[in-house]
Amino acid sequence: MAAHNVFLRAAAAFAAACLLLGSAFALPGVAAAVAATASGTASAGLFFDDFSYPDTAGLLNQGWAARSKAGHPGVPGAQWDPAQLRMVADPTQPGNRLLRLQAVTDGTGAGTRQVQLCHARKYLEGTYAARVRFSDTPVRGADGDPVIQTFYVVSPLQFDLDPEFSELDFEYLPNGGWGSDKTRLYGITWQTARIEPWLAYNQSHEEFTSVDGWHVLMLQVAGGKTRHYLDGRLLAEHGGRSYPVVPMSINFNLWFSPGELLAQSAEPRVYEQDVDWVFHARQKVLSPRQVLAEVRRLRAAGVTQVDTVPVGQPALPSPCDF
C-alpha cells in the first residue's frame, strides 16, 4: 500500500507537470495514462524505471526479480547471486542513483558468481531503451575473462527448438566470447535454440569496436521488423521467422561465456555494469530522439518509476523464475 501511494503521488506530480509545461508529447497518451492511473482509471502503455531506490529491497519491491537458480547461460558450476546487485550513487551526477551489476570469478566455476535481473514477462511490441555503462576491464584483478554485459528482452526457452521462444539482445563482449576473441557488440534477434548440443537460429549484427562507457541502447519491435539502435544510430533490422511472438521480460545480466576458458589466475576479478534508466512504450514506435525527450520529461516531473503495462492473465513466469 505504501509503494502504491508513492506511485500515485509520483503519477499525480507528473500529470501536473505536464499541464504546467504544456508539452506536446512525442509519445501520445503518456500524460493521460499516468493521470488516469493516479485517479484509479485503467490505463496501459508505459514502463519507466529511473533506478532511484535507496537499496535493492526497494528495487525488488517494484516488479523486479533477481535470479538465484543455477543453470544456463554461463560458466558450468557458477552461482547466480542476487547479492551481486547494488544501488549506488552516480559519481558524475549528484543526486542521481544507478543500478550496478557485478560478476566475480577466480577462474573456477565454483568461484564464479554471475547476476541476472528480470522484470515481469508482459512486454512484446513497442519501443525499448536503456542507458547502460559497459566496461572493458575489471574494477579489480587482472583482465582477460570472457565477460558478457547485456540488455535484452526474452521469454523462457520451454524446450529444445521451442517455436515460440522470443528474444532480442544487446551483448557486449570486451574480451571476446561465443567462439571468437574479438571485442564486439552483438545485436541479436532469436528465432529458437537448443542448449545441448548447441544449435541456434537467429539474425545477428556485430560491431567490432570497444563501446566502453555510457550508451543508450534501443530496440523497436513493430510491423514484423525488429531494429537495434546504439546512441541513435541504426545498427540492424531483422524480421521474418525471428520476429518475437510471445510476451517477454526486460532483463539485464552480467555473466561469462561458457565456450571459452576463464583467465587462468586464482586472483579474484570483479567486473561491473551500470544502468541509469530503462524505458518501454507499449505498441508505439518512437525514434531515439523521442525516447530521450520522454525520459527527460519524466525525470523533470519527478517520476522515478511508473508501470502501466498490463499483465497477462494468467501472469507468466519470468526467466528468473526458472
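The values are calculated or read from the model by the stated rules, or taken from the named source; none is laboratory data. All of these numbers come straight from a predicted model, not from anything done at the bench. Using ideal geometry, Cβ is built from the backbone for each residue, glycine included, and neighbour counts are taken over all protein chains shown. The area values use the complete protein model at the heavy-atom level, side chains included, leaving out ligands, DNA and RNA. Shrake-Rupley method; radii C 1.70, N 1.55, O 1.52, S 1.80 Å.
A few notes on this one:
- Measuring only protein heavy atoms, the 1.4 Å probe finds GLU272 accessible over about 20 Å².
- For the chain, the membrane-span-like helices by this rule, meaning whole DSSP H stretches whose C-alpha atoms cover at least 20 Å of axis and whose Kyte-Doolittle mean is 0.0 or above, are 2-21; this says nothing about an actual membrane.
- Mean Cα-pair separation over length for the range 130-201, i.e. relative contact order, pairs under 8 Å, 6 or more apart, %: 27 percent
- The chain: relative contact order in percent, alpha carbon pairs under 8 Å with at least 6 residues between: 29 percent
- Per-selection metrics, the range 252-303 (Cα): Rg and Dmax in Å: 18.5, 50
- Heavy-atom accessible surface of the chain, averaged per residue, reaches 42 Å², computed with a 1.4 Å probe.
- Calculation over all alpha carbon pairs of the range 98-181 in 5 angstrom steps from 0 returns a P(r) of 3, 10, 19, 21, 19, 15, 10, 3, 0 percent.
- When the chain is treated as a GNM with alpha-carbon contacts under 10 Å, the residue of LEU219, LEU161, LEU46 showing the greatest mean-square fluctuation is LEU161.
- Heavy atoms of TRP190: accessible area, 1.4 Å probe, square angstrom to 10: 30 Å²
- Gyration tensor verdict on the range 204-322 (Cα atoms; rounded if a/c is under 1.5, prolate if a/b is larger than b/c, oblate otherwise): rounded
- Modelled this way, with points 7 Å down the Cα-to-C-beta line, the labels at ALA110 and ASP143 are 3.1 nm from one another.
- When the Gaussian network model of the chain links Cα atoms closer than 10 Å, the mean-square fluctuations of ILE195, ILE250, ILE148 top out at ILE195.
- Mean residue ellipticity, 222 nm, helices only, the chain: the sum of -39500 (n - 2.57) across DSSP H runs of n ≥ 4, divided by residue count and rounded to 500, is -4500 deg cm²/dmol.
- Amide H contacts of LEU124 (H built 1.01 Å from N, in plane; Pro and chain starts excluded): MET248 sit under 5 Å, all sequence-distant by 5 or more or on other chains.
- Nonlocal amide H pairs with ILE148, under 5 Å, H built at 1.01 Å: TRP255, PHE256, SER257
- Within a straight-line Cα-Cα reach of under 16 Å, LYS284 can be paired with the following aspartates and glutamates, leaving aside sequence neighbours fewer than 8 residues apart in one chain: GLU125, GLU294, ASP307.
- Scanning the chain for trypsin sites (Lys or Arg not before Pro) that sit in a DSSP loop and have at most 15 other Cβ atoms within 10 Å, the longest stretch containing none of them is 183-322.
- Ranked by solvent-accessible area (1.4 Å probe, protein heavy atoms only, all chains present), the residues LEU261, LEU217, LEU292 order from largest to smallest as LEU261, LEU292, LEU217.
- Within the range 136-260, the percentage of alpha carbon pairs spaced more than 20 angstrom apart rounds to 44%.
- Gained length - ASP231 relative to LEU261, 0.36 nm times residue gap less alpha-carbon distance: 7.6 nm
- D by Stokes-Einstein for the range 41-114, Kirkwood Rh over Cα pairs, 25 °C, 0.890 mPa s: 170 µm²/s.
- Per residue, the convex hull spanned by the Cα atoms of the chain amounts to 129 cubic angstrom.
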